[in-house]
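The values are calculated or read from the model by the stated rules, or taken from the named source; none is laboratory data. Please read these numbers as outputs of a predicted model, since none were measured by experiment. Heads up, the Cβs are rebuilt from the backbone with ideal geometry, glycines too, and the neighbour counts pull from every protein chain shown.
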Amino acid sequence: MSDWWQWSPKKETDQLGFAVVGIGRFGSAVCRELMRNGVEVLAIDSSERAIDELRQLEPSIEARVVDSTDEESMREAGVLDMGTVVVGISEPIEASITTTLIAKDSEGSKVQQVIARATSDLHEKMLTRVGADRVVFPSRMQGERLGLELIRPNLIERLELDNQTGIDEIKVPARFVGRSLRDLNLRKNYLVNVLAAGPTKGLTVNPPATFVLKKHHVLVVMGLMEDLQKLPES
């Protein structure tokens with residue numbers, strides 16, 4: 001498993017909420033993943049058809065038809081009150097750049113993090129120059145991954161075995177550091193099974209109950225995804 005990304009105590013950006021601008025395949029995937037993990041999200045698109053299609057898939061989502069290149073429209077829609085804005089617009093390129101600039105630089109904006117989708121290296125450079133905190137390249141899978149990463153920053157990687165069960169690689173939560181697996185008894189207390197533990201490049205498979213977790217260790221655990229999400233970050 002690689003170095004990537006648990007449900008965690010709310011950070012300030014989480015408390016301010018999430019907005020996704022541009023509801024194509026990528027944006028829709030981000031919205032669905034956020035909602036699947038119990039997070040409210042504001043979805044924005046200039047196309048009424050795109051918003052209607054999203055509402056059919058996610059009837060409870062807050063979705064609005066908004067011109068994201070118009071600062072006042074973005075303000076009225078509530079986008080500038082969000083902590084994190086995902087700009088999923090692909091074309092025209094100038095729309096994604098303008099949207100990113102509005103989210104980052106508008107007077108009174110509360111947006112602390114803009115994650116923008118790019119379609120080329122040049123597009124990436126331009127988005128970075130106008131203030132995007134992170135630029136990603138599009139795919140449906142990456143949209144789902146980004147949605148999961150936004151609400152579970154302690155998760156490094158997930159392998160879904162089926163619709164209910166998964167294997168997560170996580171950074172060891174601070175409250176687990178210095179404690180043995182016997183003390184933690186994750187199977188009893190969190191309903192998950194420990195498959196491996198230790199430093200990333202030296203994992204101990206099926207570690208003994210006496211194994212003590214350290215600050216920079218990772219844990220590989222298996223269980224129902226709803227139980228995996230209850231593991232602490234800190």
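Some observations on this one:
- Qualifying residue in segment 57-78 (condition: at positive phi, under 23 Å from the mean Cα position of the chain (by Cα) and not aliphatic (A, V, I, L, M)): yes
- Filter result for residue 81 (more than 22 Å from the chain's Cα centre (by Cα) and either modelled with pLDDT of 95 or more or not β-branched (Val, Ile, Thr) (or both)): no
- From the options 50, 19, residue that is crowded, with 16+ Cβ neighbours inside 10 Å, in contact with a Gly (Cβ under 8 Å, 6 or more places away or on another chain), over 29 Å from residue 218 (Cβ atoms) and modelled with pLDDT of 95 or more: 19
- Tally of residues being under 18 Å from residue 174 (Cα atoms) and buried (at least 16 other Cβ atoms within 10 Å of the Cβ) across segment 213-231: 9
- Residues of segment 110-141 that turn out to be buried (at least 19 other Cβ atoms within 10 Å of the Cβ) and more than 22 Å from residue 24 (Cβ to Cβ), as a count: 0
- Of all residues in segment 82-109, those satisfying the criterion of being crowded, with 16+ Cβ neighbours inside 10 Å and over 19 Å from residue 26 (Cβ atoms) are 83, 101, 102, 104, 106, 109.
- All positions within segment 179-214 that are at negative phi and among the small types (Gly, Ala, Ser): 180, 196, 197, 202, 209
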